[in-house]
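K.L.:
Handing you a structure now.
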Amino acid sequence: GAGVSQTPSNKVTEKGKYVELRCDPISGHTALYWYRQSLGQGPEFLIYFQGTGAADDSGLPNDRFFAVRPEGSVSTLKIQRTERGDSAVYLCASSLGGGDNNEQFFGPGTRLTVL
Amino acid sequence: DQQVKQNSPSLSVQEGRISILNCDYTNSMFDYFLWYKKYPAEGPTFLISISSIKDKNEDGRFTVFLNKSAKHLSLHIVPSQPGDSAVYFCAASPDSSYKLIFGSGTRLLVRP
């Protein structure tokens, strides 16, 4: 079956612009996660959705970052007033449920470059 | 403050030999540990996991060892194959929760 897909695969934008990154989880997966991976680092947790609601957004670095999942499937990560430090690979993952050792399946990521 | 550390950024091993990747953690509340493998331009893929109630878990060529007193885990790959060449991430989860905390990764190269 289809895995987690993310679009676009690459996004180049200018400092100060607004960007949206999309994630299509595996069908039937109720839990969805966003991570950010900077160069030379491991993925860093941003936000976790269980269904339509953000169960934990403690990893979002500041209020320029926001994510939605209005119908409990596709999610969009939104970044306002982008800064050069936002450049990273943004990874989305999904799992059947949340917690209790549910394996997280990752998408290929969106590479964001802020010039 | 890194809670999960992989101190070796790279490792090179001859095909057929054992690869040992190491990981240290600082938070004693972590109770579930995972290894992910990542190829270029792909997302991480789950490899193997271990619960804190165990000290060893084996799956084919891959074995993970957990030493809770030392807050250390390791991944053994034997025999190593060229297709194992990838970046390996160690991750930990507190209280069997959803949040994974990753190390910075170790790039493994298996030489033919």
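K.L.:
May I ask you to list the residues in the stretch A:67-115 that are within 14 Å of another protein chain (Cβ to nearest Cβ) and in a strand (DSSP E or B)?
P.N.:
Correct list: A:Ala88, A:Val89, A:Tyr90, A:Leu91, A:Cys92, A:Ala93, A:Ser94, A:Ser95, A:Phe105, A:Phe106, A:Thr110, A:Arg111.
K.L.:
Of all residues being assigned to a strand (DSSP E or B) and open to solvent by less than 10 Å² (accessible area, probe 1.4 Å) in the stretch A:30-48, which is nearest to B:Ala91 (Cα to Cα)? Just the residue, please.
P.N.:
The qualifying residue nearest to B:Ala91 (Cα to Cα) is A:Tyr35.
Yes/no matrix, rows are residues, columns are (1) hydroxyl-bearing (Ser, Thr, Tyr); (2) away from chain A (no Cβ under 14 Å); (3) part of a strand (DSSP E or B); (4) surrounded by fewer than 16 Cβ atoms within 10 Å (Cβ to Cβ):
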site	(1), (2), (3), (4)
B:Arg17	no, yes, no, yes
B:Leu21	no, no, yes, no
B:Ser28	yes, yes, no, yes
B:Trp35	no, no, yes, no
B:Ser49	yes, no, yes, no
B:Glu58	no, yes, yes, yes
B:Pro79	no, yes, no, yes
B:Ala91	no, no, yes, no
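K.L.:
Still on this structure, I have one more. In the set A:Ser58, A:Ser27, which member is within 12 Å of chain B (Cβ to nearest Cβ), of a type outside the set (Phe, Trp, Tyr), more than 21 Å from B:Trp35 (Cα to Cα) and outside any strand (DSSP E or B)?
P.N.:
A:Ser58
The values are calculated or read from the model by the stated rules, or taken from the named source; none is laboratory data. Just so it is clear, the model here is predicted, and its values are computed rather than measured. Ideal geometry is used to build each Cβ from the backbone, glycine not excepted, and the neighbour counts take in all protein chains shown. For the accessible areas, the whole protein counts, side chains as well, though only heavy atoms, and no ligand, DNA or RNA atoms are used. Shrake-Rupley method; radii C 1.70, N 1.55, O 1.52, S 1.80 Å.
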